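Okay, so here's the structure we're looking at.
Here, each number is a calculation from the coordinates, and none is a lab measurement. These numbers were taken from a predicted model, which means no experiment stands behind them. Counting neighbours? That spans all protein chains shown, and the Cβs are built from the backbone with ideal geometry, glycine included.
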């Protein structure tokens, strides 16, 4: 059954900007929404022209130039203007589309210096995925209610790599080989470690879908 947009009589259009694996929009596709994953190499947000009557927009611009960890790991100078080109392209699409709701996400880092205060911050384990990756969201949407407030209450812990002295595994430090240990990501086909680390945690993605239909 399709999710019909009363404005058009057709399935609701969801744009998944820089969507990569499509993890964030996966629940929408399963529910019959017209999901369009605007991601390389098929599409480039820098020159993408959105259709009319877009219902919702998910945007996940690459965190390469905003992440606190990336430039430390690679020992290179951060180039925020390169990252902002993609962020601004996503904003251009949002402004042109005027969707019913919209959300942009990025790991907690330097993007807040340009986007201002976010609407919400979450950890994957708060939605049942037993790992950490502190993430911010900006936009106009209904924040999904968190399921857990205590790590000890999260069920189905996984044998994932955990840094010495840390009590929880951090998704940002995992390699794509860790996918074999994570049943809820069995469907994904990441080509690189970066592709794997960019996957939106499925528990959060499902909760976001339920709160924003």
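Here are a few things to note about the model shown:
- Stretching the chain fully between residue 146 and residue 77 yields a gain of 21.2 nm (0.36 nm per residue, less the alpha carbon separation).
- Ranked list, fewest to most other Cβ atoms within 10 Å of each Cβ, for 38, 57: 38, 57
- Just checking the listed ones, 186, 59, 29: in the Gaussian network model of the chain with Cα springs under 10 Å, the one fluctuating most is 186.
- The chain: most fluctuating residue of 177, 97, 23 per GNM, C-alpha cutoff 10 Å: 177
- Convex hull per residue volume in Å³, alpha carbons only, for the range 110-213: 129
- Taking the C-alpha atoms only, the angle from helix 202-211 to the longest principal axis of the chain is near 40 degrees.
- FRET efficiency estimate (nearest 0.05) - Cβ-Cβ, residue 158 to residue 46, R0 45 angstrom: 0.75
- Column: log10 I(q)/I(0), Debye, Cα scatterers of the range 1-110, q = 0.18, 0.21 Å⁻¹: -0.87, -1.10
- Antiparallel %, DSSP beta bridges [both residues in the chain], to 5: 40
- Each peptide in 14-20, 134-140 gets a packing score, the mean of other Cβ atoms within 10 Å over its residues, and the list from highest to lowest is 14-20, 134-140.
- Column: log10 I(q)/I(0), Debye, Cα scatterers of the range 90-143, q = 0.21, 0.26, 0.28, 0.32 Å⁻¹: -0.83, -1.05, -1.12, -1.23
- Rounded tilt (10° steps) of 80-97 against the dominant C-alpha axis of the chain: 40
- Take 202-210, 190-198 and order them by the average number of nearby Cβ atoms within 10 Å per residue, most first; the result is 202-210, 190-198.
- Within the range 63-162, all pairs of alpha-carbon atoms sorted by distance into 10 Å bins from zero give the percentages 13, 36, 33, 17, 1.
- For 132, 142, 64, the sequence from fewest to most other C-beta atoms within 10 Å is 142, 64, 132.
- Equivalent-ellipsoid semi-axes of the range 7-67, from the Cα gyration tensor, Å, largest first: 22, 13, 9
- Computed log10 I(q)/I(0) for the chain at 0.09 Å⁻¹: -0.35, from the Debye equation with unit scatterers placed on every C-alpha and solvent omitted.
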